[in-house]
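Working notes, beginning with the structure itself.
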Amino acid sequence: MRALSVLHSSWTRSLAVVVTVAGLAVMPLTASAATAGKAVTSVGSAATQAKTTSSSTVAASTTGGVLGSNVYIFDPSMSQASIQSTLDAIAAQQVPNQFGTQRYALLFEPGTYGSAADPLVFQVGYYTSVAGLGKNPGDTTIVGQVDTFNQCTDGDQSQCYALENFWRSMSNLTIDAAGGSGCTANTEFWAVSQAAPMRRVAVNGNVTLMDYCDGSPDYASGGFIADSSFTGGTVINGSQQQYITRNSSLDGWTNGVWNQVFCGDSGAPAQSFSATSGLSNGTAPYTTLATCPTTREEPYLYTDSSGNLEVFIPSAQTNSSGTTWSNGGTAGYSLPLSRFFIVQQSTTVHQMNAALARGLNLLFTPGVYDVPSTIHILYPDTKVIGLGFPTLIPTNGNVTMDATAVPGVNISGLIFDAGTESSPTLLDLHGIRGLAGLSVYKTDPTSVDDVFFRVGGATAGTAKTAFADDASDSIIDDVWAWRADHGAGAGTWTGDQADTGVTVGGDDVTAYGLAVEHFQKYETVWSGQNGTVIFFQNENPYEVPNQASWMATPTQNGYPGFYVTNRVTSFQGYGMGVYSYFDQGVAIESSMAFEAPDTPGVQFHDILTRFLNGSGGIQSVINGTGAAVDSDFNGPADLVSYP
């Protein structure tokens, strides 16, 4: 859940400008003092009722083949009416289905779907991935909209948010924005928060990252765009409190609230983060890097010229900008589906490990999987890919998955849930110190893409650490580790126990779009040398009962959201924010949002803190430097650089 917070009039004024630029008949919105600063306690589906059919049983797919009954493969020869019916039935079930067990992958063969006269318009709900099956995004075109809208608390149209629009994705296709009516006409709506990536998507026309049509106040809290292109319409950021856009092409970008990060994006706004960013009449909170240091795009399914499914493995890039596909196609290589062991819900861990030992890769079909023992990745260049957000739950207090210290491993598209018996970690990438800099690791880095961790929420659970990355030269690309603040086991300090969200011990690790929230001790611990983080977002735990329960040392109140250990002599961080919301009515304090050794090689750029609501606050931004945020000064408290 996302704590609500006051959105300053600066973005309200900017939205009025957006309306002019985008040519949309939308009135400017304001944040209500009565609703700002509260946590959403019950998100219903009033928006869903207005825009989808009533919930119904979804018929099993007959087109998924070896990928199973929850994978739907559409092709242009199918009637649009039948495609629309299937999409609407899945949306009706999944839009309100935050903690359900249903999982779906919706795959579109190359071709065009919909037309200007009859657009294809549908919604994307929880645990639904939408993707084209072309080699490049231009091979599959949807004339219409692929939308995510607000959800409204108990049907109250004054309590509508996108703050819990998690666990969905869109990739590898083109959208020619068309259809809709009234306020939603001819506009792609992608109003999401964490764990809802947009990758390899081309949008022609208007696109908005907030839903300004369906009720108010329309808060949204962070998203991830990579390797995508936008033409013919300014991207409406609106109420998105924080966002990262990487290796993309923009045709304009409106406003920012607290933290907007651009890395390797043509058309990105100019660098403007300052000591007043996010404050009334302050500068826009833009952190803009011309290039990204090391990237590797996520593997994806496509249909080859013979009609066979293959998996494309993009090559690593250094100092990159723009999309990988704009000049003739993405560099990389293909693997036939025969090189993958297809994991179904009946598959045992023994069968998975036997396949991995034979040198096969794993492709998880949509579903929820009990994992009673560790899945072991042994060999270089092993790929573990999830379709439709497959969810893995350890059942014996075991590590769910680990990987040896080999290059080229990729893990993507999975959710790791903690089980009821505590696990030491959920995903563990092993490493050996001193390997960083070897050419095989530099040119063939391990990557973790669109992988999400939950301690509680869907399943009450416990783990010491969610994700440990000791793999040198690895890339973390869109990872959210979440100790649940709502759902199963959540809401108390003794529920859903978990010390730390992410630890990074590998050297030369690069992270983009890292979010870690609500863990009970050091939430993110970085002990590897020469690391780089481009965008970080954290919320402190909500339900701390008293200060004595939350002390890093006898004299240090609370735990930092991001901790760089004393062994580190080189680190770079860009666009990083930590927020507080202590909801027990006790004045809980955190001494600092960030803690790091005071050494010239450890540097932070454009970092901030924010008091969302509740009691207490954060006493400094980093190491005692930077203004406190509390009920008297909500912030953000901004630091352009440290030291």
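The values are calculated or read from the model by the stated rules, or taken from the named source; none is laboratory data. Model, not experiment: these values are computed from the prediction. Here Cβ is always computed from backbone atoms with ideal geometry, including for glycine, and neighbour counts include all displayed protein chains. In case anyone asks, the SASA skips ligands and DNA or RNA and just uses the protein heavy atoms, side chains included. Shrake-Rupley method; radii C 1.70, N 1.55, O 1.52, S 1.80 Å.
Annotations for the structure displayed:
- At 1.002 mPa s and 20 °C, Stokes D of the stretch 213-268 from Kirkwood alpha-carbon radius, µm² per second: 183 µm²/s
- Think of a 1.4 Å ball rolled over the protein heavy atoms: the stretch 295-381 then has 43 Å² of accessible area per residue.
- Label point distance in nm, SER85-SER334, each placed 7 Å from Cα along Cα→Cβ: 3.4 nm
- Antiparallel content of DSSP bridges confined to the stretch 150-212, in %, to 5: 20 percent
- Mean projected area (nm²) of the alpha-carbon convex hull when the stretch 283-334 is viewed from all directions: 4.9 nm²
- Dipole size of the stretch 74-211 about its Cα centre, with +1 on Lys/Arg Cβ and -1 on Asp/Glu Cβ: approximately 420 debye, rounded to the nearest 20.
- Cα shape, the stretch 377-449, gyration tensor, a/c 1.5 rule: oblate
- The Cα-based radius of gyration and maximum Cα-Cα distance (Dmax) for the stretch 517-643 are 13.5, 41 Å.
- Three-way shape label, the stretch 80-204, alpha-carbon gyration tensor, a/c 1.5: prolate
- Value of [θ]222 nm, deg cm²/dmol, for the chain, DSSP H segments ≥ 4, -39500 (n - 2.57) each, nearest 500: -2000 deg cm²/dmol
- Fraction of antiparallel bridges per DSSP, the stretch 308-448 only, in percent to nearest 5: 15 percent
- The alpha-carbon atoms of the chain define a convex hull whose volume equals 131 cubic angstrom per residue.
- If R0 is taken as 25 Å, the Cβ-Cβ distance between HIS430 and ASN566 corresponds to a FRET efficiency of 0.60.
- Here the convex hull built on the C-alpha positions of the stretch 151-206 has a volume of 91 cubic angstrom per residue.
- Only beta bridges with both residues in the chain are counted; by DSSP, about 15 percent of them are antiparallel.
- Solvent exposure of the stretch 388-440 amounts to 30 Å² per residue of accessible area, where only protein heavy atoms count and the probe is 1.4 Å.
- A cut-off under 15 angstrom between Cβ atoms defines the neighbours of ARG433, and their net charge, with Lys, Arg +1 and Asp, Glu -1, is -4.
- Relative contact order for the chain, counting Cα pairs under 8 Å that sit 6 or more residues apart, in percent: 8 percent
- Gain upon complete extension [GLN584, SER631; 0.36 nm per residue less C-alpha separation]: 15.5 nm
- Potential extension, GLU421-THR404 segment - 0.36 nm per residue separation minus Cα distance: 3.7 nm
- By accessible area, using a 1.4 Å probe on protein heavy atoms only, the chain has 52% of its surface on carbon and sulfur.
- Theoretical FRET efficiency, 1/(1+(r/R0)^6), r = Cβ-Cβ of THR63 and THR555, R0 56 Å, to 0.05: 0.35
- Taking a sphere under 10 Å around the Cβ of THR374 and counting the other residues whose Cβ falls inside, with K and R at +1 and D and E at -1, yields a net charge of -2.
- Calculated on the alpha-carbon coordinates, the convex hull of the stretch 170-289 measures out at 96 cubic angstrom per residue.
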